[in-house]
Amino acid sequence: MIDRTVLKERFVKWVLVAFALSSLLFLFLIFIFILAEGLPLFLKVGLNKIIFGMKWAPTKGHFGIFPMIISSFLVTIGALVIGAPLGLSCAIYLSEYAGKRTRMLLKPAIELLAGIPSVVFGFLGVIYIVPLVRNYLGGSGFSLISTCLVLGVMILPTIISISFDALVSVPRTYREGSAAMGATKWQTIYKVIIPSAKSGILASFILGMGRAIGETMAVIMIAGNALKIPTSILDPLRTLTGNIALELAYATGDHRLGLFSTGVVLMVIIMILNYIANFGIKRKIAK
Amino acid sequence: MNFRHWVILLPLIAALLSCSGASGDKPGKKHTITIAGSTSVMPFTEKLAEHFMVDHKNFVIDVQGGGSTAGIQAVINNTVQIGMSSRQLKDDEKRLNTITICYDGIAVVVHPDNPVGEMDLDRIRQIFSGHISNWRQLGWVDRRIDAVSREEGSGTRGAFEGLVMKDKEIDDGTMVQDSNGSVKEVVATDPYAIGYISMGLVDKKVKPIAIAGVKPSIKTIKSGRYKLVRPFLYVTNGELDPRSRRFVDYVLSKEGQKILRNEGLVGFYD
């Protein structure tokens, strides 16, 4: 009898292990497939010509994605410029000022914001933000600034929830000590709490960047997708993700491989960002 | 045949097998025709297939996208009976049979409030190649022209490049949208935009430009005066089997052509 129970326990354990490992397997498979499809073109055309090439015309043999790499970073930094102050302020309010009831109202609302599909953000951007930019700032409205505004809002939930966790986890004794020294509430926040939650806040910014750089649907709808490096905030631009989604439907042969190469570059960028967020910064929190 | 081809073909083969599997339930009763290719032709083929299957209950017509090139490849490899193409065949594809099912005009469109109503092909070429970038150069306000194009690989873009751009390239600063519908939406909302779309989609929201004095319409295309026209083709490898032939005959019949005409395309009986 005991044997059977033990066997059953063991069986359950191994099934769970198998399931747990399967998610790792998926990651591994995605990795292998993207590399298998994307790397041949790097060998054929050359790493330099793809990463630093200025011209993207895959049906004519040009596979340069440098303008898109720059555009992806511009969009991400722009989104951060808008999203970081907003998100951090919200997190500070939630952790330091808000009463229990306000917090109970705001927290789910922010989680809801995270759940809104990106196509809805894109749609709202096209209907409201693009015409606003066109009428008051000029240009076609499909521009860097419109994209940054929408992405800035989209990364808010990430920034708020992770910064909030970092701020809340600052020990009570820090606050009490600061108050005992005669510091006001804002002085405490500014001089004590934010510095001690710094690594968590930075991690939230970097994860927000990861979200912004990976966003596709909303960006295609708003960015205008022109192939040039934008020279002003009113110029249209194309990101790496946008390039893949835009052209996949018709791509064959080398064109298709070119899109996979775009994917490889994107994957490397996102891996670096995640690495920084997870190991470079979070480890410091643990200490 | 290398790995890359298989990645494209396997889903097609799988789809084909699953279809023949379904028809295998009642042997000898259902006949499956698989059609794949251009996404510009696909919606019209789907519509024709729906109408055809109402009257021909023993036929199952499976219509898939993938783009003109993928469709032609699938025909060459015999994974589909009929390929759809919205561009002419290239030299190495010339050994296939083509059946022109109808013609589609490409309309160059602007916002209805735009007073510019006529251009010649040279002008349009200069706009899309970035040599003319301000509406003032065309006798309107001092405002940048927001040109909108389609993405690389699109059949409409391919046709536009062949008919209008010729040896010139579309400027990198040109905006890009990924469907006829999105291009139309941009032009309909941005007063300073110019784009090109399939003629069937032109309505009151956008204004078609008269090219050298000729507005795009079924009439001007038929008479050959409007030049931005591309054929919609069915591509087959050798002679079609008699039963697939029945579908093609239906498409070319008065009834089929009427359906295409109602969709804004130019058929043979107009």
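The values are calculated or read from the model by the stated rules, or taken from the named source; none is laboratory data. Bear in mind that the values here come from a model prediction, so they are computed numbers and not experimental data. Because the Cβ atoms are built from the backbone with ideal geometry, glycine has one as well, and the counts that use them run over all protein chains shown.
Within the stretch B:118-151, if we keep just the residues that are within 29 Å of the chain's Cα centre (by Cα) and among the acidic types (Asp, Glu), the residue that is surrounded by the most Cβ atoms within 10 Å (Cβ to Cβ) turns out to be B:Asp146. Which of the residues that make up the stretch B:225-251 are buried (at least 19 other Cβ atoms within 10 Å of the Cβ) and of a type in the set (D, E, K, R)? The one that is buried (at least 19 other Cβ atoms within 10 Å of the Cβ) and of a type in the set (D, E, K, R): B:Arg230. Residue-level analysis places A:Ala91 among those that are touching a Ser or Thr at 6+ places or on another chain (Cβ under 6 Å), within 21 Å of A:Val170 (Cα to Cα) and part of a helix (DSSP H, G or I). Assigned to a helix (DSSP H, G or I) and either of a type in the set (A, V, I, L, M, F, W, C) or touching a Cys at 6+ places or on another chain (Cβ under 8 Å) (or both), is that true of A:Met68? Yes; evaluated as a whole, the condition is true for this residue. Can you tell me which residues in the stretch A:120-143 are in contact (Cβ under 8 Å) with a residue 24 or more places away in the chain and more than 13 Å from chain B (Cβ to nearest Cβ)? Of everything in the stretch A:120-143, those that are in contact (Cβ under 8 Å) with a residue 24 or more places away in the chain and more than 13 Å from chain B (Cβ to nearest Cβ) turn out to be A:Phe121, A:Leu124. Consider the stretch A:236-254 and keep the residues that are part of a loop (DSSP other than H, G, I, E, B) and not small (Gly, Ala, Ser). The one that is nearest to A:Ile269 (Cα to Cα) is A:Thr239.
For the condition surrounded by fewer than 22 Cβ atoms within 10 Å (Cβ to Cβ), in a helix (DSSP H, G or I) and either of a type in the set (S, T, N, Q) or within 14 Å of chain B (Cβ to nearest Cβ) (or both), A:Thr59 qualifies. Just checking, does the stretch A:164-184 include any residue being in contact (Cβ under 8 Å) with a residue 60 or more places away in the chain, part of a helix (DSSP H, G or I), more than 14 Å from chain B (Cβ to nearest Cβ) and surrounded by fewer than 16 Cβ atoms within 10 Å (Cβ to Cβ)? Yes, the conditions are met somewhere in the stretch A:164-184.
Of the residues screened, B:Gly238 is not one that is within 14 Å of another protein chain (Cβ to nearest Cβ), of a type outside the set (Lys, Arg), in a loop (DSSP other than H, G, I, E, B) and more than 19 Å from B:Met119 (Cα to Cα). In the stretch B:73-111, the qualifying residues are those that are surrounded by 24 or more Cβ atoms within 10 Å (Cβ to Cβ), part of a loop (DSSP other than H, G, I, E, B) and at pLDDT 90 or above, and the one that is nearest to the other protein chains (Cβ to nearest Cβ) is B:Val80. May I ask you to list the residues in the stretch A:93-105 that are out of contact with any helix residue (DSSP H, G or I) (no Cβ under 6 Å at 6 or more places or on another chain) and either in contact (Cβ under 8 Å) with a residue 12 or more places away in the chain or of a type in the set (Ser, Thr, Tyr) (or both)? Answer for the stretch A:93-105, where residues must be out of contact with any helix residue (DSSP H, G or I) (no Cβ under 6 Å at 6 or more places or on another chain) and either in contact (Cβ under 8 Å) with a residue 12 or more places away in the chain or of a type in the set (Ser, Thr, Tyr) (or both): A:Tyr93, A:Tyr97, A:Thr102. Here A:Leu257, A:Leu234, A:Leu273 are screened, and the one residue that is surrounded by fewer than 22 Cβ atoms within 10 Å (Cβ to Cβ), over 20 Å from the mean Cα position of the chain (by Cα) and either farther than 21 Å from A:Phe33 by Cβ or within 14 Å of another protein chain (Cβ to nearest Cβ) (or both) is A:Leu234. Checked against the criteria, A:Gly99 does not count as surrounded by 11 or more Cβ atoms within 10 Å (Cβ to Cβ) and either more than 28 Å from A:Ala223 (Cβ to Cβ) or not basic (Lys, Arg) (or both).
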